[in-house]
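The values are calculated or read from the model by the stated rules, or taken from the named source; none is laboratory data. Because the structure is predicted, anything quoted here is derived from the model rather than measured. With ideal geometry, Cβ positions are generated from the backbone for all residues, glycine too; neighbour counts draw on all protein chains shown. Surface areas here come from the heavy atoms of the whole protein model, side chains and all, with no ligands, DNA or RNA. Shrake-Rupley method; radii C 1.70, N 1.55, O 1.52, S 1.80 Å.
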Amino acid sequence: MRVQDNLAQIMTQISAACEKSNRQTEEVTIIAVTKYVSLERAAEAVQAGVTHLGENREEGLLAKWEHLQDKPTWHFIGSLQSRKVKSIIDKVDYIHSLDRISLAKEIDKRASHKINCFVQVNVSGEESKQGLEPDALIPFIHDLMDLSNIHVVGLMTMAPYTSDETVLRKCFRTLKELQVQVQQLQLTYAPCKELSMGMSNDFSIAIEEGATMIRIGTALVGE
Ligand SMILES: *Cc1c(COP(=O)(O)O)cnc(C)c1O
């Protein structure tokens with residue numbers, strides 16, 4: 001399938017989810033997750049009008065960045081080792097996987113300007129998942145106070161791999177509630193306006209529950 005055709009189908013689904021939840025389609029940004037696919041396929045996505053690309057590994061990001069440079073907006077969505085921060089920091093516009101203070105310190109140190117970060121939360125509690133426990137979120141946000149290059153634009157989560165709508169909805173709803181808690185702190189370094197949640201299998205539900213950035217790989221560019 002051409003990316004263009006997949007994109008058209010996804011846009012239709014986004015419209016439907018927005019309609020159902022009384023939201024505007026402009027509130028939802030599609031991040032094309034290109035981690036499984038070739039540079040050519042990533043370029044095809046940009047050609048088709050996708051303006052945000054996401055990669056989850058340093059190698060994949062650097063290889064595609066080399067060719068596409070700053071044509072798209074770049075998102076780093078995978079778990080990030082502190083020693084890899086240096087090589088990606090000037091190439092990405094958003095980091096979705098901030099989940100520990102040591103990583104925040106490294107980002108703060110290596111950055112030459114404020115970095116847009118999502119704090120990743122492990123809402124589902126699955127052991128295999130990265131992210132802070134929900135209870136640790138607010139203390140963590142406070143701990144970021146002195147790191148002047150960290151700008152918390154939002155929260156990110158990965159839902160459990162299930163087709164159980166109740167479970168998915170509960171997960172996304174919890175992230176939304178946590179977002180409200182962070183917003184109530186009214187910290188200038190943590191406006192927390194965005195919610196990065198929803199992937200190929202669950203983005204419609206995520207949108208209904210308030211997602212502003214959905215990360216789509218398989219359904220958009222293929223696996
Ligand atoms: C791979 C990946 C995605 C996209 O997954 P699909 O199911 O292929 O849409 C989204 N977010 C993260 C963090 C990923 O690693």
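Just a few scattered comments:
- Phi angles across region 150-161 convert, under the Karplus curve 6.51 cos²θ - 1.76 cosθ + 1.60 with θ = phi - 60°, into 3J(HN,Hα) values of 9, 10, 8, 7, x, 10, 10, 8, 10, 6, x, 7 Hz, Gly and Pro given as x.
- Carbon and sulfur %, accessible surface of region 3-221 computed with the full protein complex present, 1.4 Å: 46 percent
- Annotation note: trypsin sites (Lys or Arg not before Pro) in region 1-69 located in DSSP loop regions with a Cβ neighbour count of at most 13 within 10 Å are Arg2.
- Reach of Lys170 by Cα under 21 Å, taken over lysines that are not fewer than 8 positions away in the same chain: Lys20, Lys129, Lys193
- The chain shape via C-alpha gyration tensor axes, a/c threshold 1.5: oblate
- Helix-only arithmetic for the chain: the sum of -39500 (n - 2.57) across DSSP H runs with n ≥ 4, divided by the residue total, places the mean residue ellipticity at 222 nm at -12000 deg cm²/dmol.
- Taking the chain and dividing mean pair separation by its residue count, relative contact order in percent (alpha carbons under 8 Å, at least six apart): 22 percent
- Rounded to whole Hz, the Karplus (6.51, -1.76, 1.60) HN-Hα couplings of region 75-89, x for glycine and proline: 10, 9, 10, x, 5, 10, 7, 4, 5, 8, 4, 3, 7, 9, 4
- For region 100-155 versus region 36-87, the gap between their alpha-carbon centres in whole angstrom: 21 Å
- Probe 1.4 Å, protein heavy atoms only - accessible area per residue of the chain in square angstrom: 49 Å²
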